[in-house]
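J.: Would you mind keeping the following structure in view while I ask a few things?
No lab work stands behind these numbers, since they all come straight from the coordinates. The structure displayed is predicted, hence computed values, not measured ones. With ideal geometry, Cβ positions are generated from the backbone for all residues, glycine too; neighbour counts draw on all protein chains shown.
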Amino acid sequence: MQKAALYCRLSKEDEEKLKKDDDSESIQNQKLLLTEYAAQKGWQVYKIFVDDDYSGLYEDRPAFRQMIEEAEKGCFQIVLCKSQSRFSREMEQIEKYIHRKFVLWGIRFVSVVDNIDTEEKGNKKARQINGLVNEWYCEDLSENVKAALNSKKKNGQYLGHWCAYGYRLSDGDRHKIEPDEEAAAVVRQIYSLYLEGYGISAIAGMLTQKGVLTPTAYKRSKGINYHNPAEKTGYSQKYGVWCANTVRKILRDKTYLGHLIQGREKKLSYKSKKVIKVPEEDWIVAENNHEAIIDEETFNKVQSRIGVKGSAFKNGGAAYKTHLFAGKARCMSCGSTMQKNHGKNGVIYLRCGLAVKTRQKECTLHTVRMDFLEEAVEKRIHEIINEFAENDDSMEYLAGLLGNEDDLKNTLEKKKAALDEIEQKQKRLYDMLLAAYRDKFKGTLTEESFLIIQAEIDGKMRKNSIDIEELKKETEKTEEKIRSGNGSRINLEKSIAFKGLTHSIVNDFIDYIEIGEKNNGIQEINIHWMF
């Protein structure tokens, strides 16, 4: 008696079909069909191999691999399936096994419903046509699924299993994300530290020292079965060491602005599991889709200096900031960034990066002492304040530029009043729409008239919603400026007089500084302001 291996397979797509149609493709019915067919033919059932929830496009199906291994050993003479598509939907696999390896191993392939039998010589063309049809089906299915998913992504539905660090899936709707305050606080801290002048590696070291869980460790602590393929084994994995690349990704991610970004990666093809990067211009972005963690002003400040190399972790873990003028100080001759250099007696200098790199072959070694440069910039800022103070109009401009606290409070009150007014309008429009619906239900308003009214009200409500979101963001920014005392003239003067220049002042007011040669003992310094 010949031995037959029975192979049954079901995929996710098949399960969806079962819900809509019948359960003829279910594992149980496949087993029943194949065992009865084997009995009719007088074949002994060697073993039933089952792959549940596996696609027919790939070979890495556990039961399939086991069946192939035992077929090569000669454990049975027949492979029996319900249809050729249950065995595989990929043409290359059909050719590889049914038409080549099974022939060499003396294995007969039989499928019941499509009458495939390799023992019949004239049957090969039918097998190949079936293989092509199955492959076309998979290709069409893949394109349809991809189109449906992309449409959902464009409409702001989140389709991932895990959120960006700082967010979590909404309890009410798993296709929406919302801030996870515990992790969001760490994200805000990372942005704050970076703008204070700490380098990316230094921030990573500070988080590790404080025992802050890495994004991967944090997800696991919340019971999420998350695996980061980029995570290194060993010390980093065991103790949760933050790496510079993780911090850099957080500092660059527009998700924190409230924009939903999906489609950063894609499968190479529907036949392959290999994933490739997608160019940024092809990402699917739904703007203002969820609550922002970082305001746009802060995000833009970070991006303006993200290319500046930060200091690494030194001296047993003491975090060092980048110097005050990192990325701002440039050589007047070649435009290269000035590099920090430690001279004798602890004096710090800035030197032309190109001159250092080429050993002064392509530029001269422009040099300036850091303390002299700080003094020159502070002096110039004081001069500007004094110049503005002599003119009322200029002083008003400066106050607006720096964000005078009284002006900010007035602005905040106006924005809150405008917000309240629009929200009241929105409520009145909603009441109007509800009244129209009731009239339609009563029969006092025709369907056609209702649709016209509905379209007009919907348009106004959409515009109001956009205005409300904008005003809310502007209000939050103004409140943040008031809380931080950002930029009142007194605060600026106090900061310079008692604390010296800060990274925040340099980043907010200075575009870049050109450092030239010394002429007659005088250093040539040109400051280019943001205003």
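J.: Would you order Lys463, Lys154 from fewest to most other beta-carbon atoms within 10 Å of each residue's own beta-carbon?
T.: Lys463, Lys154
J.: Sort Met461, Met1 so that the residue with the fewest other Cβ atoms within 10 Å of its own Cβ comes first and the one with the most comes last.
T.: The order, fewest Cβ neighbours first, is Met1, Met461.
J.: Something else now. Taking the beta-carbon count within 10 Å as an exposure proxy, list Tyr191, Tyr167 from fewest neighbours to most.
T.: Starting with the residue having the fewest Cβ neighbours, the order is Tyr191, Tyr167.
J.: What trypsin sites (Lys or Arg not before Pro) does the range 23-74 have in DSSP loop regions with at most 16 other beta carbons within 10 Å?
T.: Sparse-neighbourhood loop trypsin sites (Lys or Arg not before Pro): Lys73.
J.: A follow-up question, please. Please go through the residue pairs Lys254/Lys472; Lys73/Lys121; Lys409/Lys460 and name each one whose alpha carbons sit more than 21 Å apart in this structure.
T.: Where the Cα-Cα span goes over 21 Å, the pairs concerned are Lys73/Lys121; Lys409/Lys460.
J.: Suppose R0 equals 56 Å. What FRET efficiency, 1/(1 + (r/R0)^6) with r the Cβ-Cβ distance, do Ile306 and Arg438 give to the nearest 0.05?
T.: With a Förster radius of 56 Å, E is 0.50.
J.: Among the listed pairs Lys176/Lys249; Lys301/Lys340; Lys47/Lys82; Lys427/Lys477, which are separated by more than 18 Å between their Cα atoms?
T.: The answer is Lys176/Lys249; Lys301/Lys340; Lys427/Lys477.
J.: May I pose another question? Tell me, how many Å apart are the Cα centres for the range 92-118 and for the range 162-190?
T.: 51
J.: Find out how many positive minus negative residues lie around Leu354, taking Lys and Arg as positive, Asp and Glu as negative, among other residues whose Cβ is under 11 Å from that of Leu354.
T.: Once all neighbours under 11 Å are counted, the net charge is +4.
J.: May I pose another question? What FRET efficiency comes out for Glu119 versus Lys249 if R0 is 56 angstrom and r is the Cβ-Cβ distance? Round to the nearest 0.05.
T.: 0.45
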